[in-house]
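Enquirer: Starting off with a structure, shown below.
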Amino acid sequence: WLGAPRVPYHPAHNSPYRRGQQPLLVVPLSALGLPLISGVLYTFGLHATRFLFHLLLNQARRTPGQVLVYLFHSYEFTNVLPGRTDARPLHQRLYRRHAGSRYDLHRRFVDEMLAVPDVVATLPSSLAQHYEYGSKP
């Protein structure tokens, strides 16, 4: 994915990472070496992820058609049940142990992104109820 186009594109038949004529529209993850994903937030912290976000935002402002994509998964906000085996992938075991602290960190970062004047959130309807678009933290 590091070599994929940085703006939405239709992939090639023989490679999902090259432009082509396939009917699928790919909206790539935002990345500059590191992707803009919650795992980076949990592993490297708020300051590093905020820095990455601002680098990507500046790049997007200079690149017509580029959008910012921040990826997280809802299961990241659940705790491993007592007495159960932790079946998370190894890299996710490096994350903060308590799901509430991961959620709080994630929410703080999302609120900071939404506080930037020209950032607009597009969320699935199942998540929209948890965020007030355009609100300031």
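The values are calculated or read from the model by the stated rules, or taken from the named source; none is laboratory data. Model, not experiment: these values are computed from the prediction. Please note: Cβ atoms are built from the backbone with ideal geometry, for glycine as well, and neighbour counts cover all protein chains shown. When the accessible area is computed, the model is the full protein with side chains, heavy atoms only, and any ligands, DNA or RNA have been set aside. Shrake-Rupley method; radii C 1.70, N 1.55, O 1.52, S 1.80 Å.
Enquirer: Take the conditions touching a residue at least 40 places away in the same chain (Cβ under 8 Å), part of a helix (DSSP H, G or I) and hydrophobic (A, V, I, L, M, F, W, C) and apply them to residue 29. Does it pass?
Expert: Spelling it out, it is not the case that residue 29 is touching a residue at least 40 places away in the same chain (Cβ under 8 Å), part of a helix (DSSP H, G or I) and hydrophobic (A, V, I, L, M, F, W, C).
Enquirer: On to the next question. Please enumerate the residues belonging to region 3-24 that are of a type in the set (Ser, Thr, Tyr) and closer than 21 Å to residue 60 by Cα. First the steps, then the outcome.
Expert: First pass over region 3-24, keeping only residues of a type in the set (Ser, Thr, Tyr): 9, 15, 17.
Residues satisfying the conditions are 9, 17.
Enquirer: Could you list, in sequence order, the residues of region 62-74 that are surrounded by 11 or more Cβ atoms within 10 Å (Cβ to Cβ) and over 21 Å from residue 26 (Cβ atoms)?
Expert: Once the filter is applied, which keeps residues that are surrounded by 11 or more Cβ atoms within 10 Å (Cβ to Cβ) and over 21 Å from residue 26 (Cβ atoms), region 62-74 yields nothing.
Enquirer: Considering only residues of region 1-54 that are hydroxyl-bearing (Ser, Thr, Tyr) and open to solvent by 40 Å² or more (accessible area, probe 1.4 Å), which is farthest from residue 76 (Cα to Cα)?
Expert: Looking at the filtered set, the residue picked out is 17.
Enquirer: For region 10-34, what are the residues that are touching a strand residue (DSSP E or B) at 6+ places or on another chain (Cβ under 7 Å) and of a type in the set (Val, Ile, Thr)?
Expert: 26
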